Amino acid sequence: HLKKTLLALISLTVAMDNGLLKTPPMGWMAWERFRCDIDCKDDPENCIREDLFRDMADRLVEDGWKELGYEYVIIDDCWMSMLRDEHGRLQPDPFRFPGGIAKLARYIHDRGLKLGIYADMGTHTCMGFPGTTLDTINIDAQTFASWGVDYLKFDGCSSNPIEQMLGYPLMSKALNATGRPMAYSCSWPVYVGGLPPKVNYSLLGDICHLWRNYVDIQDSWDSVQGIVEWFSNNQDDLQPAAGPGRWNDPDMLIIGNFGLSVDQARAQMALWAIMAAPLIMSNDLRNLDNSARFILQNKVAVAINQDSMGIQGRRLLQEKNHIEVYWRPLSHSASALVFLSRRTDMPSLYHTSLAKLKYDTGNYEAYDVFTGSTVTGLNATTQFTLSINPSGVVMWYVYPEQTSKETETLHYQHNKASQFTFHKAEPGHLTVL
Ligand code: GLA
């Protein structure tokens with residue numbers, strides 16, 4: 001009857017439908033780049049402390065990120081004091097967060113951004129800081145709400161599957177009960193293998209806004225490839241689980257760090273857009289080279305990621321020569337295609353047609369997302385040839401041919417903030433404004 005009690009508890013859970021994250025979240029998170037560096041004496045620039053988050057908030061606002069939609073500043077592990085306070089509440093490390101989290105939240109809110117924080121369903125966080133056990137779920141949810149937190153990443157180290165099955169829905173309910181809208185990111189699937197029948201994706205979609213499915217990303221192309229491979233191999237289980245307010249999370253964008261070439265960085269951006277993945281960077285926004293900046297701030301790639309239909313894309317094809325094709329349907333009868341080369345020799349030519357990629361009969365145009373050029377006069381059967389760099393992509397935004405001579409616009413609604421307009425400058429030629 002334990003099982004019965006568990007099921008009853010779960011069905012009592014109020015669905016996490018507070019209207020948040022209709023499109024995948026965008027922002028910045030500390031973990032992949034700054035890990036658990038708490039050595040503020042020898043490494044003051046890079047240690048986990050309030051200054052780091054204030055610096056990143058400043059960069060998001062001043063360097064054009066916020067207006068593109070990058071709005072969450074997310075604290076990861078290692079922010080806590082080893083001890084709860086006298087009321088049993090979590091508290092930040094007093095030396096590294098002397099102002100407290102509420103003050104940091106105000107700083108971030110004053111700049112039009114949102115604050116995320118990290119906790120762990122279990123006795124300890126993955127790095128050994130105080131965890132949230134079943135009996136502290138309510139108090140922790142209330143503490144976060146009282147601080148003005150907008151997003152919770154709820155990890156799952158140091159707990160067993162029964163505690164997770166109880167704890168993740170209970171935290172959802174506890175967050176709802178605070179009355180403060182908070183996005184809820186669940187790491188639950190990672191700890192139970194990421195796939196059905198052990199993971200119930202429809203339950204997850206009801207209680208969480210997003211969830212980590214698979215292993216942690218590391219600063220390498222190998223890691224990115226491994227993640228994409230796992231998500232694609234399991235797309236029949238994962239892809240239908242996603243939609244507005246419920247997203248699979250293949251983990252952070254590592255663009256701007258040390259492990260990816262420019263081509264590989266484009267590939268991560270393109271594939272994360274196809275996968276409707278959270279665009280949460282983990283890099284040093286204070287020291288970012290322009291190639292990384294241009295890729296992360298590519299308006300069309302961002303707009304594709306943020307498409308309002310929220311349909312996750314799929315891998316369509318794996319050719320024997322290690323070229324793969326990914327596809328995502330978008331609003332306004334448009335779609336995105338990504339041609340990925342997993343070769344390691346030289347730029348390779350790929351011959352195909354839209355018909356071969358299952359497009360309906362009709363006339364199309366395509367905008368090349370990373371070169372800015374436009375391909376016109378395509379119909380479904382037109383043969384075309386692409387050159388794809390090794391561990392690189394060609395990414396196309398494909399839309400029905402525009403017929404009127406005058407300015408005709410196709411636009412994406414990106415969050416509330418901005419709108420990207422494809423403007424017909426001259427017949428058959430598009431520029432992105
Ligand atoms: C786990 C998570 C990571 C990060 C670390 C922090 O490994 O998957 O994203 O939060 O814990 O310890």
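Along the positive direction of the dipole of the chain (beta-carbon charges: Lys, Arg +1; Asp, Glu -1; about the Cα centre), which of PRO181, TRP147, MET56 reaches farthest?
The residue sitting most towards the positive pole is PRO181.
With a cut-off of 18 Å, note down the residues of region 169-185 whose backbone N falls inside the zone around a label point 7 Å from the Cα of LYS22 toward its beta carbon.
Label zone hits: 181-184.
What is the helix-to-structure angle for 2-12, meaning the angle in degrees between its Cα long axis and the longest Cα principal axis of the chain, kept from 0 to 90 and rounded to the nearest 10?
Tilt of helix 2-12: around 70 degrees.
So between LYS356 and VAL262, what do we pick up on full extension, going 0.36 nm a residue minus the alpha carbon distance?
Values: separation 94, 0.36 × 94 = 33.84 nm, distance 2.91 nm.
Here the segment from LYS356 to VAL262 would lengthen by 30.9 nm.
Using just the C-alpha positions of region 291-363 as equal point scatterers, what log10 of I(q)/I(0) does the Debye formula give at each q in 0.13 1/Å?
-0.49
Grab the Cα-Cα distance for ASP42 and THR178, subtract it from 0.36 nm times how many residues apart they are, and report the gain in nm with one decimal.
Extra length from ASP42 to THR178 when fully extended: 45.0 nm.
Assuming 0.36 nm per residue, please report the length gained on full extension of the stretch ASP345 to MET82 beyond their Cα-Cα distance.
89.6 nm
So, counting K/R as plus one and D/E as minus one, what does the shell of residues with Cβ under 10 Å around ALA336 add up to?
Net of charged neighbours comes to 0.
Please return the longest stretch of the chain lacking exposed loop sites, where GluC sites (Glu not before Pro) count only if DSSP places them in a loop and at most 15 other Cβ atoms lie within 10 Å. Don't skip to the answer; put the middle values down first.
Working: sites that count: GLU45, GLU86, GLU319, GLU401, GLU406, GLU408.
Result, exposed sites excluded: 87-318.
Under 5 Å between amide hydrogens, which residues at least 5 positions from ASP120 or on another chain qualify, with H placed 1.01 Å from N in the peptide plane?
THR132, ASP155
In debye, nearest 20: dipole of region 114-183 around its Cα centre with unit charges on the Cβ of K, R (+) and D, E (-)?
240 debye
Using each residue's phi in region 21-35, evaluate 6.51 cos²θ - 1.76 cosθ + 1.60 at θ = phi - 60° and report the 3J(HN,Hα) Karplus result to the nearest Hz, with x for Gly and Pro.
Once rounded to whole Hz, the list reads 6, 5, 10, x, x, 10, x, 9, 9, 6, 4, 4, 7, 10, 6.
Taking R0 as 45 Å, what FRET efficiency do you get between SER158 and GLU319 from their Cβ-Cβ distance, rounded to the nearest 0.05? If you can, show how the numbers build up before the last one.
Working: r = 44 Å, r/R0 = 0.97.
Approximately 0.55, to the nearest 0.05.
Using a/c under 1.5 as the rounded threshold, could you call region 146-301 rounded, prolate or oblate? The axes a ≥ b ≥ c are square roots of the C-alpha gyration tensor eigenvalues, and prolate needs a/b larger than b/c, oblate otherwise.
Numbers: a/c = 2.02, a/b = 1.50, b/c = 1.35.
Prolate, because a/c is 1.5 or more and a/b exceeds b/c.
Roughly how many debye, to the nearest 20, is the charge dipole of region 187-337 about its Cα centre, given +1 on each Lys and Arg Cβ, -1 on each Asp and Glu Cβ, and no other charges?
Values: 11 positive and 15 negative charges, 68 e Å.
Computed about the Cα centre, the dipole is about 320 debye.
Restricting to the chain, compute how many DSSP beta bridges are antiparallel as a %, nearest 5.
Working: 44 of 69 bridges.
That works out to approximately 65 percent antiparallel.
Using alpha carbon coordinates only, what is the Rg to Rh ratio of the chain, with Rh defined as the Kirkwood radius?
Numbers: Rg = 22.1 Å, Rh = 22.5 Å.
Rounded to two decimals, Rg/Rh equals 0.98.
Roughly how tilted is helix 161-178, in degrees to the nearest 10 and between 0 and 90, from the longest Cα axis of the chain?
For 161-178 against the chain, the angle is about 90 degrees.
Taking the Cβ of LEU378 as the center, what net charge do the other residues with Cβ under 13 Å away carry, scoring Lys and Arg +1 and Asp and Glu -1? Walk me through the intermediate numbers first.
Working: positive: LYS356; negative: ASP360, GLU365, ASP368, GLU401.
Summing Lys/Arg as +1 and Asp/Glu as -1 gives -3.
FYI, it's all coordinate maths here, none of it is from the lab. Not measured: the values here are computed from a predicted model. Please note: Cβ atoms are built from the backbone with ideal geometry, for glycine as well, and neighbour counts cover all protein chains shown.
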